[in-house]
Amino acid sequence: MDLIDIGANLTHESFRHDIDAVLARAHAAGVAQMLVTGASRAGSEQALALAHAHPGVLHATAGVHPHHAIDYDADTEAALRALLRDPAVRAVGETGLDYYRNYAPRAAQLRAFEQQLALAAELGMPLFLHQREAHSDFIALLKTARDQVPAAVVHCFTDTRAALHDYLDLDCHIGITGWLCDERRGTPLRELVREIPGERLLIETDAPYLLPRSVRPQPSHRRNEPMYLAHIVAELARDRGEDVARIARQTGANARAVFGLAAPAAQR
Ligand SMILES: [Zn+2]
């Protein structure tokens, strides 16, 4: 298989001691490439450093997550701008709105999101987006920028049918995680994934978060990692009534098109 994990938080401290083993297990499980999520200024710098250490296999995003929106100032924007010039950085984000946790005040979230939308528009780069419990404000802002960016990925989609169709109507791509495998709260998503056209579908682990609850055996440390993308794609294939190889091929092609990734030249 030739899977691409479009959302892995590989700069998380839980990966610090064994990132090479994590990447080797991903490779063995058929995960050919990963996009390392940048969620803060420092985190985006670390994501790029990691991508440089594993050229072709890892790429990065650069952005400020809504949780960190109060840190978004002119200095941060200048730092992001510098990161976004590097060819290994493939999207502006993670950016968006999170009214579920509300770690940052909404006004700060809205401002940081608006400024990152403008940055993506100015640079003509794709967006890597986060939305939780904030759909109406989110879609209103996204609409203003959507035709100025080449692609917009709503990562870790967990929302309603109406929200899904708003995103599809705006020509967004939809990232599906192991949320699907959660027997308590993933059931509605199992129905909705059938409504996502194949050419808009992307897959991701959101590692180290969202360990698929149906993975057996469950690792004792509860850490999610990119190798479990193979498990997610198998469940997704079952829910869509398609075969795994076909979804792997399609989501891989979608990820390469959206983020402009070349297939890795050689095996590590
Ligand atoms: Zn997110």
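In table form, for the structure just shown:
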| item | result |
| --- | --- |
| Index of the failed condition, residue 122 passing every other in (1) more than 23 Å from residue 204 (Cβ to Cβ); (2) at pLDDT below 95 | (2) |
| Among (1) more than 13 Å from the ligand (Cβ to nearest atom); (2) closer than 27 Å to residue 233 by Cα, the one test that residue 137 misses | (2) |
| Filter result for residue 201 (open to solvent by less than 50 Å² (accessible area, probe 1.4 Å) and more than 20 Å from residue 27 (Cβ to Cβ)) | yes |
| Any hit, the range 62-73, residues being β-branched (Val, Ile, Thr), within 17 Å of residue 117 (Cα to Cα) and more than 19 Å from the chain's Cα centre (by Cα) | yes |
| Scope the range 41-54; condition more than 17 Å from residue 261 (Cα to Cα) and open to solvent by less than 30 Å² (accessible area, probe 1.4 Å); matching residues | 43, 44 |
| Total residues in the range 109-158, condition small (Gly, Ala, Ser) and within 11 Å of residue 92 (Cα to Cα) | 6 |
| Filter result for residue 168 (touching a Lys or Arg at 6+ places or on another chain (Cβ under 9 Å), under 23 Å from residue 66 (Cβ atoms), open to solvent by 10 Å² or more (accessible area, probe 1.4 Å) and assigned to a helix (DSSP H, G or I)) | yes |
| Cβ pairs under 6 Å, 6+ apart, first in the range 205-232 and hydroxyl-bearing (Ser, Thr, Tyr) and surrounded by fewer than 24 Cβ atoms within 10 Å (Cβ to Cβ), second part of a helix (DSSP H, G or I) and at pLDDT below 95 | 214/181 |
| Helices (runs of 4 or more DSSP H) within the range 172-268 that include 2 or more residues in contact with a His (Cβ under 9 Å, 6 or more places away or on another chain) | 244-259 |
| Any hit, the range 181-191, residues being of a type in the set (Asp, Glu), without any contact (Cβ under 8 Å) to a residue 60 or more places away in the chain and either crowded, with 17+ Cβ neighbours inside 10 Å or closer than 24 Å to residue 2 by Cβ (or both) | yes |
| Residue match in the range 29-37 (condition: surrounded by fewer than 24 Cβ atoms within 10 Å (Cβ to Cβ), under 15 Å from the mean Cα position of the chain (by Cα) and either aromatic (Phe, Trp, Tyr) or modelled with pLDDT of 95 or more (or both)) | no |
| Qualifying residue in the range 122-144 (condition: open to solvent by less than 10 Å² (accessible area, probe 1.4 Å), at positive phi and in contact (Cβ under 8 Å) with a residue 60 or more places away in the chain) | no |
| Filter result for residue 234 (within 18 Å of the chain's Cα centre (by Cα) and modelled with pLDDT of 95 or more) | no |
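The values are calculated or read from the model by the stated rules, or taken from the named source; none is laboratory data. As the structure is a prediction and not an experimental result, all values here were calculated from the model. Glycine also receives a Cβ, built like all others from the backbone with ideal geometry; neighbour counts cover every protein chain displayed. We work out accessible area using only protein heavy atoms, side chains counted, and drop any ligands, DNA or RNA first. Shrake-Rupley method; radii C 1.70, N 1.55, O 1.52, S 1.80 Å.
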